[in-house]
Amino acid sequence: MEFWFTELHTPHVKFSVKVDKHLYSSENDLGRVDIFDSPEFGRFLAVDGYIIFTQRDEFIYDEMLSHVPMAVNPKAERILVFGSGDGGVVRELLKYQSIKTIDLIEINEGVVQACRQYFPEMAESLDDPRVTIYTENALRFIRHIENEYDLIIVDSAGFYGPGESLLTREFYGSCYKALKADGIMVNQHQSPFYEEDRIETQKAHKRIVNSFPISRVYQAHIPSYPSGYWLFGFASKKFRPVIDLDADAWNRLGIKTDYYTTNLHKGCFALPAYVERMLADVEKIKD
Amino acid sequence: MDQRRAPVYEALQEFRRNRVVPFDVPGHKRGRGNPELVSLLGKQCVELDVNSMKPLDNLCHPISVIKEAENLAAEAFGAAHAFLMVGGTTSAVQTMVLTACKSGEKIIMPRNVHRSVINALVVNGATPIYVNPETDNHLGIALGMKISQVERAIEENPDAVAILVNNPTYYGICSNLKRIVELAHENGMMVLVDEAHGTHFYFGDDMPVTAMAAGADMSSVSMHKSGGSLTQSSFLLTGPNVSPGYVRQVINLTQTTSASYLLIASLDISRRNLALRGKDLFKEVMRIADYARTEINKIGGYYAYGKELINGDSVYDFDPTKLTVYTLDIGLAGIEVYDLLRDEYDIQLELGDMGNVLAYISIGDRMREVERLVSALFDIKRLYSKDRTGLFDHEYITPSVVMTPQEAFYAPKEEMIPIRETNGRICTEFLMCYPPGIPILAPGERITQEIIDYVLYAKEKGCQLTGPEDEKVECLNVIKEHATY
């Protein structure tokens, strides 16, 4: 039996993963969640037919969303995470003793429940006493909050569907307001490679540039995502992502990682020319 | 009657199955002759773009499936007769006016009527008797007609043949329609109701009274607004004292003889949808609107108004699905908030005027988009709010009617002069501020300095001005100075 999971990366490009078993499927008004076992990527979770994470490469994504901002401001104590109901980002954050609270907003409770059952090694982080999970609309949660968080991590599922509101100007504006004077926001920024993704990346970048005084983009290699090449956004009120990195201080923390290093940190903000250009194109259009 | 039926829709399904070979119009022949049109609209849609024929009936003279669809609609709306309209609610409104009055006759109406009403007067030569609606000076919006004002208009114009009423206004405000119908009928006048914004009144619970329930003679219902049908499709409803045959003749004076079956079918299935599920659908719409009002009022600085405006007379009732927000207290004109929402937040509202923005909440809305709207308003206040001094907040201007719209529109002695120089002159064309499309000037009205100031201010704030022959709206056509009227 040949059993393949196929995702359309563009209308003209397919990405297929050979599957051993279809373990789980459930659908509600927020979308359809499926979990598969595969020989190459291990167990993976898809929402509405798009791979959200795989056991094999989630470490790259989760480490890059967590350690890059934490290394710039290791004093961060109060963290807010949008999405990431699988617990991967929280697992990385819990490696910092200094963090006091992690508030996690995951509107799709089904994802949290499915992950607790099928990815217990990731989701067990969600049971840490420092973590509080809220299942409500992200915009509703954040719009009345002011000056409370040191770091906001935006792990949106994609540009369409229920996660769409995490890519809007009103959302970034609300994040700015909810951050302290030296607050940092990081977000996943899609891939710059395929045309449609690129346009959305540019739109999101423009909105962040308009909302934060400092806004930079960094990159990582994530094999299971469209084009395998992925961007992240680093926006802040005060800290600059490379100049303000205290590599020695972070290395003294002795945190074990599989992708992130302080050397990689310095390099990941160096972008290919075509990406620099597409970002510069929208940075110019300031209000 | 069985409201689960949709006769036109069913006939179209049947027609599709029969695979009839077309040697008739439209010439694209199920899209084969225009592949780009097919890729834009989809095969299914283009295949249904067909001509009137025996199995599909004819909108000019319905005898089979369209007639059945009209009967079902009449029952659903509680009307004696319903007409499917394909020229927008504009055509329904014009039919009402052309049915009720003719040249030399008077028709009583509030000034905040839609342009289509006055356009109909240009066509038929009747004289408008304007009842000045009350205005809410704080919000700067026109309200409903007070009963005392309607009584006075009737007393002063006993020869008027009809009264036209908005139910509700663009802003969701209702007059005491039942009482107006009583007054009109006691004085031998017809009651015409513009229910462009009132489709849902016929289906939801706890809604203001509908024209048909209030005993009005005719009503124009924009099914494509809150009813969910395709843009440009609409219903004209009539009461028991109106001859449907005569109304059909009036409709046929101006209606196309090639009515679109996409529009007709959309009316048919939308009526079915609302008849079967309207109560629940509009309950949800009301819940969303209420939630949004509460959340927006929590922000501070904005005022999203609701039933508290009701005062028993000029605001006799209020449409609970309307989400109108007063913005001047954060120092921004409504039109500025409207533009910011579109340009900066990718959110398109229904209208922005001097003091308000209106978000249209309907059966297609979801909570997640409402959360975006609320948060965007929050963010706009944080980033753009200003001191409110210098903001112009007067919206309603009392017109001075010097001649009928028809006389003025066709007046031979006209000249085009810059707006700033028109004080005291008689305008021969329309001037509308869009949205909401309520005339600032109609043909035959005297221009005042107040009007000029308002127009220049609206232009500066980015309102879209339409109507005049001069498309840049720098000049207006007026009656020549030496002409005496």
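The values are calculated or read from the model by the stated rules, or taken from the named source; none is laboratory data. In this text the structure is predicted, and so the values were computed from the model without any measurement. Positions of Cβ are generated from backbone atoms using ideal geometry, with glycine treated the same way; all protein chains shown enter the neighbour counts.
Can you name every residue in the stretch B:331-348 that is more than 14 Å from every other protein chain (Cβ to nearest Cβ), among the hydrophobic types (A, V, I, L, M, F, W, C) and in contact with a strand residue (DSSP E or B) (Cβ under 6 Å, 6 or more places away or on another chain)?
Selection gives B:I335 alone.
Quick one: which residue in B:V357, B:V315, B:V325 is among the aliphatic types (A, V, I, L, M), within 23 Å of the chain's Cα centre (by Cα), more than 14 Å from every other protein chain (Cβ to nearest Cβ) and part of a loop (DSSP other than H, G, I, E, B)?
It is B:V315.
Which of the strands (runs of 3 or more DSSP E) found entirely inside the stretch A:1-99 contain at least 2 residues meeting this: polar (S, T, N, Q) and surrounded by fewer than 22 Cβ atoms within 10 Å (Cβ to Cβ)?
Ranges flagged: A:4-10, A:21-28.
Given the criteria in contact (Cβ under 8 Å) with a residue 40 or more places away in the chain, more than 13 Å from chain B (Cβ to nearest Cβ) and part of a helix (DSSP H, G or I), does A:A220 qualify?
No.
Might you check whether a residue that is more than 16 Å from the chain's Cα centre (by Cα) and within 19 Å of A:T257 (Cβ to Cβ) occurs anywhere in the stretch A:108-118?
Checked against the condition, which is being more than 16 Å from the chain's Cα centre (by Cα) and within 19 Å of A:T257 (Cβ to Cβ), the stretch A:108-118 yields no hits at all.
For the stretch A:165-199, enumerate the residues that are more than 9 Å from chain B (Cβ to nearest Cβ), hydroxyl-bearing (S, T, Y) and under 17 Å from the mean Cα position of the chain (by Cα).
A:S191
Any idea how many residues of the stretch A:13-69 are more than 16 Å from the chain's Cα centre (by Cα) and in contact (Cβ under 8 Å) with a residue 40 or more places away in the chain?
Number satisfying all stated conditions: 17.
Which residue, of B:V193, B:V165, B:V181, is assigned to a helix (DSSP H, G or I), within 19 Å of B:P128 (Cα to Cα) and either in the same structural domain as B:L98 (by TED's automatic domain parsing) or in contact with a Ser or Thr (Cβ under 7 Å, 6 or more places away or on another chain) (or both)? Spell out the reasoning first.
Numbers: B:V193 fails: assigned to a helix (DSSP H, G or I); B:V165 fails: assigned to a helix (DSSP H, G or I).
It is B:V181.
Only residues that are surrounded by fewer than 15 Cβ atoms within 10 Å (Cβ to Cβ) and of a type in the set (S, T, Y): list them for the stretch B:32-65, please.
B:S39
Specify which of the listed residues (B:L12, B:L72) is touching a residue at least 24 places away in the same chain (Cβ under 8 Å), touching a Phe, Trp or Tyr at 6+ places or on another chain (Cβ under 7 Å) and either surrounded by fewer than 13 Cβ atoms within 10 Å (Cβ to Cβ) or aliphatic (A, V, I, L, M) (or both).
Being touching a residue at least 24 places away in the same chain (Cβ under 8 Å), touching a Phe, Trp or Tyr at 6+ places or on another chain (Cβ under 7 Å) and either surrounded by fewer than 13 Cβ atoms within 10 Å (Cβ to Cβ) or aliphatic (A, V, I, L, M) (or both) holds for just one of B:L12, B:L72, which is B:L12.
If we scan the stretch B:222-233, do we find a residue that is in contact with an Asp or Glu (Cβ under 9 Å, 6 or more places away or on another chain) and either under 13 Å from B:T90 (Cα atoms) or not assigned by TED's automatic domain parsing to the domain that holds B:M190 (or both)?
Checked the stretch B:222-233: at least one residue is in contact with an Asp or Glu (Cβ under 9 Å, 6 or more places away or on another chain) and either under 13 Å from B:T90 (Cα atoms) or not assigned by TED's automatic domain parsing to the domain that holds B:M190 (or both).
Looking only at the stretch A:224-265, which residues are free of Cβ contacts under 8 Å to residues at least 40 places away in the same chain and surrounded by 14 or more Cβ atoms within 10 Å (Cβ to Cβ)?
A:G228, A:Y229, A:V242, A:T261, A:L264
Identify the residue in the stretch A:223-256 that is within 29 Å of A:V19 (Cβ to Cβ) and part of a loop (DSSP other than H, G, I, E, B) and, among all such residues, is farthest from the other protein chains (Cβ to nearest Cβ).
Top of the filtered list is A:P223.
Can you list the helices (runs of 4 or more DSSP H) lying wholly within the stretch B:1-120 that have 2 or more residues being of a type in the set (A, V, I, L, M)?
B:7-18, B:35-41, B:65-77, B:88-100
Out of the residues in the stretch A:100-143 that are under 27 Å from A:H22 (Cβ atoms), within 14 Å of chain B (Cβ to nearest Cβ) and among the β-branched types (V, I, T), which is surrounded by the most Cβ atoms within 10 Å (Cβ to Cβ)?
A:I107
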